[in-house]
1. Within 22 Å of A:Pro207 (Cβ to Cβ), among the charged types (D, E, K, R) and within 16 Å of ligand 3 (Cβ to nearest atom): is that true of A:Asp85 in this structure?
2. Determine whether the range A:130-140 contains at least one residue that is among the hydrophobic types (A, V, I, L, M, F, W, C) and assigned to a helix (DSSP H, G or I).
3. Tell me which residues, restricted to the range A:225-241, are aromatic (Phe, Trp, Tyr) and out of contact with any helix residue (DSSP H, G or I) (no Cβ under 6 Å at 6 or more places or on another chain).
4. Can you tell me how many residues in the range A:71-106 are open to solvent by less than 30 Å² (accessible area, probe 1.4 Å) and within 9 Å of ligand 1 (Cβ to nearest atom)?
5. Would you kindly identify the strands (runs of 3 or more DSSP E) lying entirely within the range B:109-157 that contain at least 2 residues that are away from ligand 3 (no atom under 16 Å from the Cβ) and either among the basic types (Lys, Arg) or under 18 Å from the mean Cα position of the chain (by Cα) (or both)?
6. Given A:Gly298, A:Gly327, which one is at pLDDT 95 or above, within 12 Å of another protein chain (Cβ to nearest Cβ) and either touching an Asp or Glu at 6+ places or on another chain (Cβ under 9 Å) or over 19 Å from B:Glu122 (Cα atoms) (or both)?
7. Do you know which of the residues in the range A:161-214 that are within 19 Å of A:Glu140 (Cβ to Cβ) and away from ligand 1 (no atom under 14 Å from the Cβ) is farthest from the other protein chains (Cβ to nearest Cβ)?
8. From the list A:Ile127, A:Ile137, A:Ile118, A:Ile109, which residue is more than 22 Å from A:Ser28 (Cα to Cα) and buried (at least 24 other Cβ atoms within 10 Å of the Cβ)?
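The values are calculated or read from the model by the stated rules, or taken from the named source; none is laboratory data. In this text the structure is predicted, and so the values were computed from the model without any measurement. Cβ placement follows ideal geometry from the backbone for every residue including glycine, while neighbour counts extend to all protein chains displayed. These area figures cover heavy atoms from the full protein model, side chains too; ligands, DNA and RNA do not enter into them. Shrake-Rupley method; radii C 1.70, N 1.55, O 1.52, S 1.80 Å.
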Amino acid sequence: MLNNNSHKASINSEVFPICLRTSNLEDSSSLQTYLSIGGYEQIQRILKDKISPEKLIEEIKISGLRGRGGAGFPTGIKWSFIPNDSDGTKYIVCNSDEGEPGTFKDREIIKKNPHQLIEGMIIAAYIMGAQVGYNYIHGEIWEEYESFEKALAEAKKANFLGKSICGLGFDFELYAFHGYGAYICGEETALIESIEGKKGQPRFKPPFPATYGIYGRPTNVNNTETYATIPWIIQNGGESFANIGVENSGGTKIFSVSGHVERPGNYEIPMGMPFKTLLELSGGVWKGRKLKAVIPGGPSTPVLPAAEIMKTTLDYDGLKNSGSSVGAGSLIVMDETTCMVSTLKRLSYFFYEESCGQCTPCREGTGWVYRVIKRIVDGKGKPEDIDLLLDVSKKISGRTICALGDAAAVPVLSFIKHFKDEFKYFIKNGKSMMDANS
Amino acid sequence: MLTEITRKKIDGELKKFPIDQKQSAIIAALQIIQTENGFLTDDLIALAADYLDMPKIAAMEVATFYNMFELKSAGKYKISVCTNISCALREADDIVCHLRKKLNINFNEVTKDSKFSLKESECMGACGGAPLMTINNHKMYEHLTPQKVDQILEELD
Ligand SMILES: Cc1cc2nc3c(=O)[nH]c(=O)nc-3n(C[C@H](O)[C@H](O)[C@H](O)COP(=O)(O)O)c2cc1C
Ligand code: SF4
Ligand code: FES
């Protein structure tokens, strides 16, 4: 078990589960449990009262909901891009490919509250006029893939999916699709290629998926957490959601806390909570040690030193003002013993390994960066290596088909910015500053 | 020839896609075949391609692109350990060292008795349970300690 919510809720009433609201209940993932908290009532109300898609989109805009997959694009606006006049099949896709180190929230939604995700997707399908949906689940969480298949079967049997949902005349089919080990498939056009049965290589944009997606049809891709939030917003109104968070950051967000804390796990909290409070919720830095640094949103967001993150609130503006970003809400906590040079080496290897190889700056640049950092860690670094790393990274950024190239540069630039002395020390002494006394 | 059971399973996957888009089932088909056979051979990949009416080279591209496919004979139990940052911070290295010593193999090697193979893996999207590993792709073991690893391996015949 990753963690449990009952435990969290009792520590601090500030935890506010929306996506994970069944977590405390027995048999949290079952249809019965979801029905017991009013599940699938929103889609029935929408269909019965024939509430217009425009009205629903308006509600989502008011909620301030921004995509939870990393880029933070306003969901209401995104949904109005899908052409509602086109004939033929339209698709919606749920992106559960999370594989950016430190990210494990979507897994918990699928495991604990799959029906809320399904209802969110049905509502989205109704709004955008989509007939078919896929939930793309990365292959490493196989047990969740299988449990999601079960949830789909349950929903289908109860006529929440399929032909004329609840006898109310709206058809929607939803399927589970599994990846098999490729981080890049989280990029939405790579994911679409993967669903078409190809290598997951991102497409040139435009055209965007909204007009040219799966099999060339209009397709909307959102993150798991984004869809799972929708039923609550429709039930309680956009304003209630916006009121939970802070200005520009509506509602709750799941933060996945990993690394050097006493209780790693997922914490769904109101946006705007001070980082300090979340650190307390997760038991503080482990082994009684001091905090050194935190990557707040996954490795594609800049690392922040302890002094900075301890002043920061967890919301789009708060993290931006601190020089980082919410990303996918993947907080990686590092204690005072962490060697930033070796940590950067592992991250650089990740981007090198996961580059799909289509663009020269990304393919060659990520390999180059990794080899230079490896050379430093092997004790063979040269004084000019720091500038070389900065230079190569800057040359990858902004010159690639997808954002993986930009992401790869982020840790290099931010680690060196904040911990340059450690890099210099390693190069000069051939060993980590953390091993200084040995 | 693909067995009757394999074909049935692939047919189940094909129901998810339009009839003229069989290729969409290639990842699933290769997964099903690999799960039965332990790894993929060129012949098996060709059979999958034929079954889905797609070029063999396109199926081969998929088999080589996605990391969870095995193109070489793996151990009866393939152990994949995540060594990415959240796991590394929680001492995944100790787990790797322990497994290396215990099995007397390095990453990408198979034990002499063909029982185990060891792989290094990227983030598995389960970092709250670090350190962790999977066995034969589909079963995950979290919050590992060397003792727990011993126990898990002992239970495998
Ligand atoms: C390299 C790369 C990996 C990505 N991985 C994911 C992912 O695992 N999950 C996700 O939701 N979005 C991921 N994204 C972002 C998606 O492309 C897309 O923006 C997102 O799914 C949109 O959903 P949202 O608006 O609800 O956030 C990734 C982007 C890039 C460039
Ligand atoms: S930036 Fe990297 S991962 Fe993205 S398309 Fe180019 S080579 Fe592939
Ligand atoms: S870093 Fe190991 S599962 Fe994410």
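1. No; evaluated as a whole, the condition is false for this residue.
2. no
3. A:Trp232, the sole residue that qualifies.
4. The number of residues fulfilling the criteria is 12.
5. B:116-121
6. A:Gly298
7. Step one: of the range A:161-214, the residues within 19 Å of A:Glu140 (Cβ to Cβ) are A:176-187, A:190-191, A:194-195, A:199-200.
Imposing the further condition that a residue be away from ligand 1 (no atom under 14 Å from the Cβ) reduces the set to A:176, A:180, A:199.
Working: A:Ala176: 8, A:Tyr180: 4, A:Lys199: 4 Å.
Checked the range A:161-214; the qualifying residue farthest from the other protein chains (Cβ to nearest Cβ) is A:Ala176.
8. From the options A:Ile127, A:Ile137, A:Ile118, A:Ile109, the qualifying one is A:Ile127.
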